[in-house]
Amino acid sequence: MFTLCGYSNKPDTAMTTKLVISALGPDRPGIIDELSNIIYKHSLNIEDSRMTVLGGEFAILLLISGEQSAIDNLMAQTADIEKTLQMSLLAKLTSHSGTSESTIPYAVEVAALDNPGIVNNIASFFSSRNINIMDLHTESYAAPHTGSPMFSLHMTVGVPAQTNIAQLRDAFMETCDDLNLDAELTNL
């Protein structure tokens with residue numbers, strides 16, 4: 001059985017193989033249905049997913065799992081799946097979840113007038129402190145009353161457990177103040 005967003009009623013097995021799939025193609029109704037059906041018919045499980053429309057393109061990131069033979073069978077049919085879905089696929093085996101038990105997840109929220117460099121500045125702040133960005137979502141929108149171009153950033157970071165959070169938060173807020181960004185760093 002397959003499921004979306006991490007829930008599964010499939011029994012855990014020690015011999016599960018994990019595969020990350022990235023897919024990109026023109027947006028149209030039915031893509032998720034078709035792709036999830038292909039995964040289901042290969043007896044694979046969707047453990048985690050991100051799907052969105054960017055411009056006129058539909059982008060998908062999936063973490064799927066299952067028996068090695070089922071993964072091999074799916075990968076052997078990649079060209080046919082690309083034709084069926086009218087999407088470009090990239091698949092890569094992965095061995096672990098990528099999260100560390102010695103990190104604590106924190107939410108980062110940033111809002112500001114839209115201008116180049118916001119993502120780079122925030123990413124640099126965390127990278128320079130060896131803090132991993134686990135999830136990132138940005139969007140541009142018009143301010144409600146003025147119509148000014150606005151930008152928002154929503155991020156989850158994995159802060160090493162030994163980090164002094166008060167010092168990190170102070171440095172983050174100072175950096176954001178210098179860049180004229182409204183920001184928050186909160187524990188999840």
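Below is a table of values for the structure above.
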quantity: The stretch 53-85, residues that are more than 13 Å from ALA23 (Cβ to Cβ), of a type in the set (Asp, Glu) and outside any helix (DSSP H, G or I); calculated: GLU67
quantity: Flag for LEU113 being more than 25 Å from ASN132 (Cα to Cα), of a type in the set (A, V, I, L, M), in the same structural domain as ILE165 (by TED's automatic domain parsing) and touching a strand residue (DSSP E or B) at 6+ places or on another chain (Cβ under 8 Å); calculated: yes
quantity: Output for the stretch 149-176, where each listed residue is in contact with a Leu (Cβ under 6 Å, 6 or more places away or on another chain) and either of a type in the set (A, V, I, L, M) or within 20 Å of ASN115 (Cβ to Cβ) (or both); calculated: MET155, PHE172
quantity: LYS83, sole failed condition from (1) modelled with pLDDT of 95 or more; (2) under 28 Å from VAL159 (Cα atoms); calculated: (2)
quantity: Matching residues in the stretch 127-147 - criterion: being within 20 Å of the chain's Cα centre (by Cα) and closer than 25 Å to MET51 by Cβ; calculated: ASN132, ILE133, MET134, ASP135, LEU136, HIS137, THR138, GLU139, SER140
quantity: In the stretch 147-188, the residues that are part of a strand (DSSP E or B) and loosely packed, with under 11 Cβ neighbours inside 10 Å; calculated: THR186, ASN187
quantity: Looking only at the stretch 113-126, and only at residues there that are under 25 Å from MET51 (Cα atoms) and small (Gly, Ala, Ser), the one that is surrounded by the fewest Cβ atoms within 10 Å (Cβ to Cβ); calculated: GLY117
quantity: Matching entry among LEU153, LEU179, LEU168, LEU89 (being assigned by TED's automatic domain parsing to the domain that holds ILE60 and modelled with pLDDT of 95 or more); calculated: LEU89
quantity: Scan of the stretch 53-93 for residues that are farther than 13 Å from GLY25 by Cβ and within 15 Å of the chain's Cα centre (by Cα), ordered by number; calculated: LEU61, LEU62, LEU63, ILE64
quantity: Subset of the stretch 40-85 (residues that are of a type in the set (Ser, Thr, Tyr) and without any contact (Cβ under 8 Å) to a residue 12 or more places away in the chain); calculated: THR52, SER69
quantity: Which listed residue, of MET134, MET155, is under 13 Å from LEU181 (Cβ atoms) and hydrophobic (A, V, I, L, M, F, W, C); calculated: MET155
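The values are calculated or read from the model by the stated rules, or taken from the named source; none is laboratory data. This is a predicted model, so every value here is computed, not measured. Quick reminder, even Gly has a Cβ in these numbers, built from the backbone with ideal geometry, and neighbours come from all protein chains shown.
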